[in-house]
Amino acid sequence: MFVSENLGVNEKGNLTVGGIDTVDLAAQYGTPLYVMDEQVVRNACRRFKESIDKYYGGKGLVCYASKAFSCLEMCRIIASEGIGLDVVSLGELYTAVKSGFDCSKIGFHGNNKTPEELEYAIEVGVGHIVVDNISELFMLEEIAKAKNAKPSIMFRIKPGIDAHTHDFVKTGQIDSKFGFALETGEAFEAVKQAVACENVELSGLHCHIGSQIFDIAPFEEAARVMLDFIAKIKDELGYTVKELNLGGGFGIKYLNEHDPAPFETYMERVSKVVKSECERLGIEQPAILIEPGRSIAAPAGITLYTVGARKEIPNIRTYVSIDGGMCDNPRYILYGSEYEAVVANKASEERTDRVTIAGRCCESGDLIGENMPLQYAESGDIIAVCATGAYNYSMSSNYNRVQKPAVVFINNGESRIAVKRETLDDIIRNDI
Ligand SMILES: *Cc1c(COP(=O)(O)O)cnc(C)c1O
């Protein structure tokens, strides 16, 4: 009935999340409110981990891409599942460190890391740094030398794959700000340089071909391209690359018509390709790393809002305005993303209305979606937007000096605050 499996309807006709009444959550914590279901996060972590055990003999590591959703509590949950973490900034790394995360399981990404970020990454001992470009390699070599360290690195490679997804989230092709190109020889030159460096250890190659990808074929193709390159490095430089990081990007169900391949199928098919290609090329099977972000966080989350004005423009459209919008969910204004919405206090009714859900910011594009099927919504109703666990809270802003919502985690029928709602004093805390 709903896109996420943890959603249901109770005897009052209210929407439930993890068995808890969402109307009660809205009353208890206020709106807008982010709600994250801990069990959904944990189940996703386990499925990813178990599929590597089952199809690739456990020779690999799942690293949750924390840019999808990061806070101390999320890092603690990920750590307790025994998987690793990806960070892309000092802030995400600091959050992980402060949560007590084992830094040897952290990978550090980013196309333009600062010296300060690299120094901190070395000091806390991150497991690997994913180097994006040649100047970063030389900067890291110098910083590592000064610290008498030898960090493990991976190179981010552009495998040249078209992942059949939205242009803005397609990153594996040659015209991308991320990574080294294969076609031009840039990547091979960089590997030669890295092998000659004394204060970095080239442990692996990395690629990330995009996001919200439903097909498995582009991932299989990326694995083939990367293994060919690993074989070339072995043949021409006599150097063994031990780790293959295939990135994240696994699609999730935002709408009922979305049909992402189950992750187990992904791992089964990609493992098969890796094993047969390694045999054909005569190279050792590398450890496989994967970096799911959205697929762990998105289905765990919903956002609750209170309806304010309803504006019917005859023969044009109906706007239903909510007490949040682009500040807590900028994905529609960024790339026209689609969501399922439910009037939480009328969840047992049919969605016979078609409305545009509008936010409260001074920006016409501040919408959650257009022409969305919805129950008849009027002032005071609670609207739930589904599958908002990824790239919502983490992309939220204070535009219009709006306070960021609280994040509540639920588990076993109980709820707890993980991030407090911002206060008006938070809004001016750095102002002088
Ligand atoms: C964003 C990102 C991910 C996670 O992507 P999802 O689509 O959220 O799974 C993984 N790896 C890298 C390098 C990324 O930039």
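Residues in the range 189-211 that are in contact with a His (Cβ under 8 Å, 6 or more places away or on another chain) and surrounded by fewer than 22 Cβ atoms within 10 Å (Cβ to Cβ): 203 alone. So is residue 212 in contact with a Ser or Thr (Cβ under 6 Å, 6 or more places away or on another chain), at pLDDT below 95 and among the polar types (S, T, N, Q) or not? In short, yes. Reported count of residues in the range 193-212, each being part of a helix (DSSP H, G or I) and within 16 Å of the ligand (Cβ to nearest atom), is 0. Of all residues in the range 393-409, none satisfies being without any contact (Cβ under 8 Å) to a residue 60 or more places away in the chain and within 24 Å of residue 317 (Cβ to Cβ). Counting residues in the range 13-29 that are in the same structural domain as residue 360 (by TED's automatic domain parsing) and under 24 Å from the mean Cα position of the chain (by Cα) gives one or more.
Within the range 218-243, the only residue that satisfies the criterion of being surrounded by 23 or more Cβ atoms within 10 Å (Cβ to Cβ) and either more than 18 Å from residue 283 (Cα to Cα) or aromatic (Phe, Trp, Tyr) (or both) is 219.
Here the condition is being within 16 Å of the ligand (Cβ to nearest atom) and surrounded by fewer than 18 Cβ atoms within 10 Å (Cβ to Cβ); of 215, 259, it holds for 215 alone.
Restricting attention to the range 389-427, the residues that are open to solvent by 70 Å² or more (accessible area, probe 1.4 Å), closer than 21 Å to residue 92 by Cα and hydrophobic (A, V, I, L, M, F, W, C) add up to 1. When residue 119 is tested against the conditions (1) closer than 22 Å to residue 182 by Cβ; (2) out of contact with any His (no Cβ under 8 Å at 6 or more places or on another chain), the lone failure is (1). Within the range 39-57, is even one residue part of a helix (DSSP H, G or I), open to solvent by less than 10 Å² (accessible area, probe 1.4 Å) and among the polar types (S, T, N, Q)? Looking through the range 39-57, at least one residue is part of a helix (DSSP H, G or I), open to solvent by less than 10 Å² (accessible area, probe 1.4 Å) and among the polar types (S, T, N, Q). Exactly one residue among 294, 331, 280 is more than 16 Å from the ligand (Cβ to nearest atom) and open to solvent by 10 Å² or more (accessible area, probe 1.4 Å), and that residue is 280.
Yes or no, residue by residue, for (1) assigned by TED's automatic domain parsing to the domain that holds residue 191; (2) away from the ligand (no atom under 16 Å from the Cβ); (3) crowded, with 22+ Cβ neighbours inside 10 Å; (4) not in a loop (DSSP other than H, G, I, E, B):
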{"site": "63", "(1), (2), (3), (4)": "no, no, yes, yes"}
{"site": "79", "(1), (2), (3), (4)": "no, yes, no, yes"}
{"site": "96", "(1), (2), (3), (4)": "no, no, yes, yes"}
{"site": "116", "(1), (2), (3), (4)": "yes, yes, no, yes"}
{"site": "135", "(1), (2), (3), (4)": "yes, yes, no, yes"}
{"site": "139", "(1), (2), (3), (4)": "yes, yes, no, yes"}
{"site": "149", "(1), (2), (3), (4)": "yes, yes, no, no"}
{"site": "153", "(1), (2), (3), (4)": "yes, no, yes, yes"}
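Answer with yes or no whether residue 8 is surrounded by fewer than 24 Cβ atoms within 10 Å (Cβ to Cβ), at positive phi and either at pLDDT below 95 or not basic (Lys, Arg) (or both).
Numbers: surrounded by fewer than 24 Cβ atoms within 10 Å (Cβ to Cβ): yes; at positive phi: no; either at pLDDT below 95 or not basic (Lys, Arg) (or both): yes.
Judged against the criteria, residue 8 is not a match.
Of all residues in the range 244-256, one or more are aliphatic (A, V, I, L, M) and farther than 22 Å from residue 389 by Cα. Scanning the range 123-133 for residues that are more than 16 Å from the ligand (Cβ to nearest atom) and either over 22 Å from residue 86 (Cβ atoms) or of a type in the set (Val, Ile, Thr) (or both) turns up just one, 124.
Here is a check on your reading of the model: is residue 306 buried (at least 16 other Cβ atoms within 10 Å of the Cβ), at pLDDT 95 or above and either hydroxyl-bearing (Ser, Thr, Tyr) or in contact with a His (Cβ under 6 Å, 6 or more places away or on another chain) (or both)? Walk me through how you get there before you give the answer.
Working: buried (at least 16 other Cβ atoms within 10 Å of the Cβ): yes; at pLDDT 95 or above: yes; either hydroxyl-bearing (Ser, Thr, Tyr) or in contact with a His (Cβ under 6 Å, 6 or more places away or on another chain) (or both): yes.
Answer is yes for this residue.
The values are calculated or read from the model by the stated rules, or taken from the named source; none is laboratory data. Just so it is clear, the structure is predicted and the values come from calculations on it, not from any experiment. Don't worry about glycine lacking a Cβ; one is built from the backbone with ideal geometry, like all the others, and counts go over all protein chains shown. In case anyone asks, the SASA skips ligands and DNA or RNA and just uses the protein heavy atoms, side chains included. Shrake-Rupley method; radii C 1.70, N 1.55, O 1.52, S 1.80 Å.
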